[in-house]
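Working notes for the structure below.
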Amino acid sequence: MNIFRLAGDLSHLLAIIVLLLKIWKTRSCAGISGKSQILFTVVYVARYLDLFTTYISLYNTVMKMFFLAASGMTVYLMYVKFRATYDHNHDSFRIEFLLIPAAILALLINHSFTVLEILWTFSIYLESVAILPQLFLVSKTGEAETITSHYLFALGSYRALYLINWIYRYATEGHYDWIAIIAGAVQTILYCDFFYLYITKVLKGKKLQLPA
């Protein structure tokens, strides 16, 4: 654990809390991609199956359980409790185009050919592109609510901070995981345009707008 990883974890935690509060307080899922939330749920389930086989620390266990519970709750709110507010028409990204390549890549490129390792690798590949349906939705509608923008910024910051964490660990410990680093870099790059718009517009009190 170092300051960059801790900051990344807290940013990830903040993103999920902001999203849940947004949905619950407004009683609406408007502007949120249910498909991205399904992908993130798949990511957490695939990655955290080691909860049943390996104990690392109380912090690690609690965080994993929170992400699993929160992602499941988000999907429930979007597809069950507040389904009438969910924008099916604009949330039209074909997620099978992300799931299938991630699964194939995990089978071909991994650290070891075991069930848990392949599932972990699959979750890393899938997480790197899981935000695409959300960005696609924002692009189609042409704008994002301020609270949704805060969620996306916190989520993007989490991965960017983890990227710095990996660089720091390589510099101080000689440790690196090239699969996680490459996937993390891809994920961070996907957020770059959004980061720029967030800093230049949202932080100045303007509504984030993108070309449709």
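The values are calculated or read from the model by the stated rules, or taken from the named source; none is laboratory data. Note that this is a predicted model, so its numbers are computed, not measured. Positions of Cβ are generated from backbone atoms using ideal geometry, with glycine treated the same way; all protein chains shown enter the neighbour counts. For accessibility, only protein heavy atoms count, side chains too; no ligands or nucleic acids. Shrake-Rupley method; radii C 1.70, N 1.55, O 1.52, S 1.80 Å.
Just a few scattered comments:
- Candidates Lys140, Lys64: the one that is at pLDDT below 90 and either under 19 Å from Ile32 (Cβ atoms) or of a type outside the set (Val, Ile, Thr) (or both) is Lys140.
- Hits in the stretch 67-94 - residues which are under 17 Å from the mean Cα position of the chain (by Cα) and open to solvent by less than 30 Å² (accessible area, probe 1.4 Å): Phe67, Ala70, Ser71, Thr74, Met78, Asp91
- Those residues of the stretch 1-16 which are assigned to a helix (DSSP H, G or I), in contact (Cβ under 8 Å) with a residue 12 or more places away in the chain and not aromatic (Phe, Trp, Tyr), in sequence order: Arg5, Ala7, Gly8, Asp9, Ser11, His12, Leu13, Leu14, Ala15, Ile16
- Looking only at residues of the stretch 108-117 that are closer than 17 Å to Ile182 by Cβ and assigned to a helix (DSSP H, G or I), we find that the one that is most open to solvent (accessible area, probe 1.4 Å) is Leu108.
- All positions within the stretch 20-65 that are outside any helix (DSSP H, G or I) and over 15 Å from Ile147 (Cβ atoms): Thr53, Thr54, Tyr55, Ile56, Ser57
- Within the stretch 175-188, residues that are within 11 Å of Gly156 (Cα to Cα) have Cβ atoms under 7 Å from residues that are open to solvent by less than 30 Å² (accessible area, probe 1.4 Å) and among the charged types (D, E, K, R) in these pairs: Gly184/Arg159; Gln187/Glu127; Gln187/Arg159; Thr188/Arg159, counting only partners at least 6 apart in sequence or on another chain.
- Considering the conditions (1) open to solvent by 70 Å² or more (accessible area, probe 1.4 Å); (2) within 20 Å of the chain's Cα centre (by Cα); (3) closer than 29 Å to Thr141 by Cα, Tyr59 is excluded by exactly one of them, (3).
- Only one of the listed residues (Leu10, Leu39, Leu6, Leu20) is surrounded by fewer than 17 Cβ atoms within 10 Å (Cβ to Cβ) and either touching a strand residue (DSSP E or B) at 6+ places or on another chain (Cβ under 9 Å) or closer than 15 Å to Leu152 by Cβ (or both). That residue is Leu20.
- Look at the stretch 84-106: where a residue is in contact (Cβ under 8 Å) with a residue 12 or more places away in the chain and farther than 15 Å from Val42 by Cα and a partner is open to solvent by 40 Å² or more (accessible area, probe 1.4 Å) and not in a helix (DSSP H, G or I), sitting 6+ places away or on another chain with Cβ atoms under 8 Å, you get Thr85/Arg27.
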